[in-house]
Structure formats: C-alpha cells, structure tokens
Amino acid sequence: MMGPTQSPPQQTPSSLTQDHRVNAVCEEFEKAWRADAGPRIEAFLEKAGASDVGDILRELIALEVELRRGRGESPSPEEYLRRFTGWDEEVSGAFSSCSSLPAKTTITLRDTRSATAPPFPGVGMRIGDYEVLGEISRGGMGVVFRARHVHLKRLVALKMVLSGPLATPTDVRRFMAEAQAAASLDHENIVTIHEVGEYLGYPFFTMRLVEGGNLSAHLDRLRDEPHAAARLVARVARAVDFAHRQGFIHRDLKPGNILIDERGSPHVIDFGVAKRAGAESGLTLHGAAVGTPSYMAPEQARGRPGEVTIAADIHGLGAVLYELLTGRPPFRGPTVNDTIIQVLEMEPVPPRKLNPSAPRALEMIALKCLEKKAERRYGSAAELAEDLDRYLRGEPVEAARIGPSGQVARLVRRQPDLAARLFGVGGVLAFTQLNYLVGRNMDLKRHLEVSAVEFLWLALSPLLWWLERHDGGSERARTVWIAADIAFATACIAVLDAGGTPYVGGYTLLIATSGLWSRVRLVWLTTIISIVGFLLLAYPRPAAPTFHPNVIVVLLATTGYVVAQQVRRFQALSAYHDQRPVP
C-alpha cells in the first residue's frame, strides 16, 4: 500500500510509447483478473516506472471498477481513497472517467437528430475524453477510430455512427444493440466494451484496441498452416458457443469480424446484427436477409429471421474455416443476388480442389458446417470445437462421411445446370430404349439414329459444362451450350419426324432453362435459335392440316418474352440492394 508521505510524481504529456506501456500493464492485469488469479493493483504498480505510476494507477482503478461492476459489485471512490492515500486526483479521475456497462444494461440515447449534421470527427479531434489518433476501418453504418483516453492514457478502438444526428432510429438502436450485446459477453475471445457515449449527436462506444488487424489480413499465412487455422477456429467457436449460451446469435461471422491480437489470439467483434436466440430482433424487416452474402446460411438468405438459430453461426464458422483452407469464401458471385443463389442452391467447391494440401479431415469439418439443412450441421459451436480438437490430436473426426445418395444430392446442388442435362437427357435415352424394346413400333434404323443423337447429347454435356466453367461462366460459353442443346433437340425431333407433335414443347423448356442464368440477352438469343430450329423442321415438308407452324412460333416468342421479363424483374430487385461488391 502506498503511504501518506508519498506524493504523485509530476505528470508530463505521455508519448505514444508511454501509452503502449500503460496499455500493456492494463492488458496483463485484465488477463489475470479474468483467469481468477486475484491480481492486486499494488503489485502491478511496483513494476511501473516513476513517470508511469500515476497514469497506470488511474487506468488500473478504472479497469478494476469496470470488472467488479461486471460481477455485480458496487465499488465506491471512498474504498480506493483509503487504499491509495495521497492519490486523490488519480482515484477521482478514474471514477469520473470510467463509465462501465454492467451486463444487461439498457442503453438509451436522447434524440439529437437535426436537419444538418455537425462535421464528422477526424484525426486529432476530441470526442469527449478521447483523442482520435487515426482511422482503423469504415463500414456502411459506422467508422472505427484508434483513440486515446486523455486522462487514463488508455488506447482504445472507438466506433461511431457515420450519419450521427441524421441517423434513423433503427440505425441508432442497432448500433446501441451491438454495444449492449458485447457488454453482456465477458469472454477472453470477445472484444469487451469500455464506455458508451454521444458526441454532438454522434453515438459512439469504445472497446479494447486489438492491434493485429482482422483475420482477412492473415489468410495467406494460415492457408499453409492448417493446424494453426484449426486452433484459431476452435477458439472462435468456443467464444461463439459462450455467446449462444448467453442467448445471443451473431449472424455475421466472417474473417472481417474476427480480430487477431499481437499474440495471435482471435477476438470476435461486431454484434450489430446479433439477435436473442428464439426472439425476433425488432431491428430487421421481415424478408430482409441479415448478414454478409458470401458467409450467410441458407435460412438467412431466404430473409426469414424467425428461422435463424445458432445453426446459422455454425455455418458462418464453417465459412471462416473454408476461407482459411482455400483463400476464398465458399460462395462468391459477381453480384449479391448471384451469391445468394449460390448460397441457396449450390454446394461449395470441396476445399481440396482449390488447395490440394488442405487436410481431408478439415475439409470434412468445413463441409459439415456448410450443409444446406441446419439439422445436418454440428449441434453446437462447442461440438465443432471438439471435432477440431480431435483433428489437432490426430484422432478421427466426427464429421460424418456422406453416402452415395448424399454424394448425388451434392452433385445436383453443386452443378444444377449439368445435373439437369445428365438426368434429363439420360432419362430420355433410357425411355427411348424401353419404348423400343416394349413397343417394337419403330424400325431399327430410326431407333439407332435417335439413340445416337441422344447419346452424343448426353456425352457432350459434361464437356460443354467444363468449357463454360473454364471460360469463367461467360455469356459466350453459355450461348454455345444452349445452342448445342437446341441443335441436339432439333436433331432428335427431325429423326423422329415429329415436327408437328408435342415434342416441339422441348423448345419452350429450353427457353425457360436459359432464364436460370439471369441474362436477358441470353433468353432472347435462345428464343431466336429455338424458332429457327423449329422452322427448319416445319417448312421443308407440307404441314398437316391441324398443324400451324405460325402458332408455335408465336408461342415460343411469347415464352421468351415472359422469361425475359422475369429475368429483368430479378435484375431490378438485384439493383435495389446490390450497392456494393460482394465481400
């Protein structure tokens, strides 16, 4: 204990180096506290240099007060004045500056919105007791600054609503919900909140500063370190499981929301879209898809928040593991809507196809997390962490191997265009053989001709699919593919001499199929090629009395128009919310 004869050393403006020393002592104290080691402030002061004692004392008192309040205690200034005689100014400064958020605190802000927002704070400005040192990151709703508490000399991350006084009530509630959620979660791998406040109508909160950047900056390194990647995801999974047990679902787990400190430890941030398990957020409109498209679960992509459970976070953790193994997210398209379609309908490419050195066990774990049906994923984030631990110990993982039926289902979801042709044309070929064997109403020559066309169509479909994938899914490759389909369909109808029969309905199906690629020009091109193919069948020979080729032409053109309109509507909806590149 410090005696009454001691007086505080003369304070001088702290350099950034001194700020780092103060910050390091406080982090060590907080770590010991959370480990239930019962640290004493006096013991940490003995390690401080003479010039740092006052700053460290003020900071450690403020930190201990926050931690004790988090446990439900009510520390008083008088208690600390008795402990630290002669340091009244530091004790008073600690209590006046610290504004802790006890768990389950309800945060309310007065409505300070006005027609004109004051200038947004920049580097060097003061926000309450904080000096802005630099900008760390900026998102759609908020900006994060590197800041320093002027009195406590604490380095913090300060997050502020960009629109400030012009923010909508929903924006403010969502921003403050993030602060309240994080303040309720006391875990070593979840970034803790220090203070919540307001500056000229701009709501803000401060949190622990994690200097190592987010996980996105470490992807290249971890791609070749599968054990390190597994350990990291296991720690994040346990932090997420802790949040789940407190009733929170994050809903936006991705590398950008996982910070890495100087020791390589992960810290989960951004609870802005978190919700209470089993309850509606109230900040999400019905039909709105919450999260980041490349990482969200199918139930999130469908825009039904009421269906979102902890399984959505299991999917997010799997997406993070997938990106650590491959260097890219499991789903990524040129637009938000393209990506959401992949999330809903397609399976991710197996990680080992993108990175052959990825361990098979981790591939299985990632794909289990990314299952389309929530019930097929891990039952909890803790179960995922335990399976990652099994991998790290060299034991067999629990990620179930899927059987033949599961493999077929994954093929259909992963490559729906190819699957449709394989099953469709394969089915036609099978029924052609069955009809010939049972009916015997076709001569052998014609049967062999149509069988040859169908077999060639079936055999070339994988090649055309490969060319389309090899060309990056370009419209040119898709045009070649659809034109080949129409050519084979026309050849089949011609061999069967069925130009005036319902077989021509296959053209309508091909036009509808072209709409799945969401390109208006491709729909019209498919329609034109279909009409040309049909006319080549219809006009070389006299039409039957009941056969009117002009009617079929109008029907095909109408089908093309309807499909093109649906695609145009889809694109309009995409343009409505596709205001930024997909992460």
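Where a number appears in this text, it was derived from the coordinates with a stated rule and is not lab data. What you see is a predicted model; the values in this text were computed from it and never measured. Glycine also receives a Cβ, built like all others from the backbone with ideal geometry; neighbour counts cover every protein chain displayed.
So for Tyr561, Tyr378, fewest C-beta neighbours within 10 Å to most, what's the order?
Working: Tyr561 14, Tyr378 24.
Starting with the residue having the fewest Cβ neighbours, the order is Tyr561, Tyr378.
Enumerate the amide H contacts of Tyr199 below 5 Å, restricted to partners 5 or more residues apart or on another chain; note that Pro and chain-start residues carry no placed amide H.
Here the answer is Phe204, since their amide H atoms fall under 5 Å of that of Tyr199.
With r defined as the distance between the Cβ atoms of Leu509 and Met125 and R0 fixed at 51 Å, what FRET efficiency is calculated, to the nearest 0.05? Could you put the intermediate results ahead of the total?
Values: r = 64 Å, r/R0 = 1.25.
Using R0 = 51 Å, I get an efficiency of 0.20.
Sticking with the crude label model, points 7 Å out along Cα→Cβ, report the distance from Asp224 to Ala484 in nm, one decimal please.
Going by the 7 Å Cα→Cβ label model, 3.8 nm.
Could you work out how far apart the two model spin labels at Ser76 and Asp389 are, taking each label as a point 7 Å from the Cα in the direction of the beta carbon, and quote it in nm?
Going by the 7 Å Cα→Cβ label model, 4.4 nm.
If you average the C-alpha positions of the range 123-162 and of the range 242-258 separately, how far apart do those two centres end up, in angstrom?
24
Would you mind ranking Leu422, Leu510, Leu536 by Cβ crowding within 10 Å, fewest neighbours first?
Values: Leu422 17, Leu510 20, Leu536 13.
If I rank by nearby Cβ atoms, fewest first, I get Leu536, Leu422, Leu510.
If Lys and Arg each add +1 and Asp and Glu each add -1, what is the summed charge of the other residues whose beta carbon sits under 10 Å from the beta carbon of Asp252?
On the way: positive: Arg251, Lys254; negative: Asp270, Asp313.
Cβ neighbours under 10 Å give a net charge of 0.
Take Tyr295, Tyr391 and order them by how many other Cβ atoms sit within 10 Å, fewest up front.
Working: Tyr295 30, Tyr391 22.
Going from sparsest to densest Cβ surroundings: Tyr391, Tyr295.
Roughly how many nanometres apart are two label points built 7 Å out from the Cα toward the Cβ at Arg40 and Leu437?
Using points 7 Å along Cα→Cβ, the separation is 9.1 nm.
In square nanometres and to one decimal, what's the mean projected area of the convex hull around the Cα atoms of the range 329-389?
Working: hull surface 18.9 nm².
So the Cα hull casts an average projection of 4.7 nm².
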